[in-house]
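Inspection log for the structure reproduced underneath, given as structure tokens.
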Amino acid sequence: MDVSFQITNDLAELNTLQAHLKDLQSVWLLTPKTVAEINLVLEEIIANIIAHGDCTGPHPITITLTREGQELTMTVADEGPSFDPTICAAPDITLPLKDRKTGGLGLHLVRTFCQGCSYTRKNNTNILILKRLIPKECR
Amino acid sequence: MEVSISKMRHATIFSLKGRLDSNTAPQFEKQLQDFLRGPNSHLIFDFDNLEYISSAGLRVILNTAKAYNAGPYRFAACAMQEHVQEVFEISGFDSFITIHRTVDESLSALDQA
């Protein structure tokens, strides 16, 4: 089953994302923890698109979620400037407090919560595909 | 996200409720401003009713921990739900922030500091 929806490049749209995931939670019988993790992955990607994108006007961001068995595929597409989050350096999370920086944590969380992540740029569109296994308790 | 601020013994307690995300973090940062600029008591974040956190929320927490790092007042966190605690651990924040089970445990730990 596929679910697809569109939001614009505005952080207030995170509420729209949350509402869509809440609907999916009951359809796909997901645990609150799994929903929170999926929400986190998508928020980090969307927040990056908004931060790196063109903020002169509203632009659509299309999110598609596909579930096949226990595998969830999340596709995020936007027509903003070319931006490949998969090549961003990972932060050093072992540094002591005084040396810790705030950047890079979002993508670190995305990498942790997803088993696969690929980026393509096609027809002036960034397409990011994220794969994640849904734990067995969600059937 | 809702924030309620209370005082107990020599600590200020921020009780967080709801979601600390890219959308709500800027407002939370504003509420914290005075506490970060010139700490005049210990600070405890009570996460009991916080159901969701993202990197935007972690950024505020990191800045808070940094602001209290020099002392003499200290920062503590407590009562995290599973998702929030997991995000903390994945980010390595548990290496510099002690997570207590309850507000009382945080208060006792700060008493002994």
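The values are calculated or read from the model by the stated rules, or taken from the named source; none is laboratory data. Everything quoted here is computed from the prediction, not taken from an experiment. Note: ideal-geometry Cβ built from the backbone for every residue, glycine included; neighbour counts use all protein chains shown. These accessible areas exclude ligands, DNA and RNA; they are computed on the full protein's heavy atoms, side chains included. Shrake-Rupley method; radii C 1.70, N 1.55, O 1.52, S 1.80 Å.
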### Query
Per 10 Å bin, what percent of the C-alpha pairs of chain A does each bin hold, from zero upward?
11, 42, 33, 13, 1
### Task
Please list the non-local residues whose amide H lies under 5 Å from the amide H of A:THR8, H modeled 1.01 Å from N, same-chain partners needing a gap of 5 or more.
A:ILE61
### Query
Of A:SER118, A:SER26, A:SER82, which has the largest mean-square fluctuation in a 10 Å C-alpha GNM of chain A?
A:SER26
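Just to check, using Stokes-Einstein with a Kirkwood Rh over alpha carbon pairs, what's the diffusion coefficient of the protein assembly as shown at 37 °C and 0.692 mPa s in µm²/s?
So the translational diffusion coefficient is about 171 µm²/s.
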### Query
Under a Cβ-Cβ cut-off of 10 Å, what is the net charge of the residues other than A:THR102 that fall near it, where Lys and Arg count +1 and Asp and Glu count -1?
+4
### Message
When 1/r is averaged over all different Cα pairs and the result inverted, which Kirkwood radius in Å belongs to the range A:50-100?
### Response
14.5
### Task
Leaving ligands, DNA and RNA out of it, work out the accessible area of B:LYS17 with a 1.4 Å probe and give it in Å² to the nearest 10.
100
### Query
If each of A:ALA19 and B:PHE96 carries a label point 7 Å out from its Cα toward its Cβ, how far apart are those two points in nm?
3.9
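Tell me the relative contact order for the range B:11-113 as a rounded percent, counting alpha carbon contacts under 8 Å between residues six or more apart.
RCO, the range B:11-113: 30 percent.
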### Query
Of A:GLU37, A:GLU71, A:GLU137, B:GLU51, which has the most accessible area with a 1.4 Å probe, and how do the rest follow in descending order?
A:GLU137, B:GLU51, A:GLU71, A:GLU37
### Query
With θ set to phi - 60° and the Karplus curve 6.51 cos²θ - 1.76 cosθ + 1.60, what are the ³J(HN,Hα) couplings of the range B:69-85 in order, to the nearest whole Hz, using x for Gly and Pro?
5, 6, x, x, 7, 10, 10, 9, 10, 8, 6, 7, 6, 4, 4, 5, 5
## Note on the structure
For chain B, Rg(Cα) over 2.2 N^0.38 Å is 0.95
### Query
In percent, what relative contact order does chain A have, based on Cα pairs under 8 Å that are 6 or more apart in sequence?
28
### Message
Using alpha carbons only, how many angstrom separate the centre of the range B:93-113 from the centre of the range B:64-78?
### Response
11
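Which order do A:ILE93, B:ILE53, A:ILE87 take by accessible area at a 1.4 Å probe, largest first? Write out the running numbers ahead of the final one.
Details: A:ILE93 45, B:ILE53 0, A:ILE87 135 Å².
Highest to lowest solvent-accessible surface, that is A:ILE87, A:ILE93, B:ILE53.
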### Query
Under 24 Å Cα-Cα from B:LYS7, which lysines qualify once same-chain neighbours fewer than 8 residues away are excluded?
B:LYS17, B:LYS30, B:LYS66
### Task
Check every DSSP H run in chain A and write down those whose alpha carbon atoms cover 18 angstrom or more along the long axis and whose mean Kyte-Doolittle hydropathy is 0.0 or greater.
A:32-52
### Message
With a 1.4 Å probe and all protein chains kept in place, how do A:CYS88, A:CYS114 rank by accessible area, largest first?
### Response
A:CYS88, A:CYS114
## Note on the structure
Shielding of A:27-39 by other chains, given as the mean Cβ count within 10 Å, works out to 3
### Summary
For A:PRO81, the net charge from surrounding residues (Cβ-Cβ under 14 Å; K, R +1; D, E -1) works out to -3
### Task
Per residue of A:93-102, count partner chain C-beta atoms within 10 Å of its C-beta, then hand back the mean as an integer.
5
### Query
What is the magnitude of the charge dipole of chain B about its Cα centre, with +1 placed on the Cβ of each Lys and Arg, -1 on the Cβ of each Asp and Glu, and no other charges, expressed in debye to the nearest 20?
480
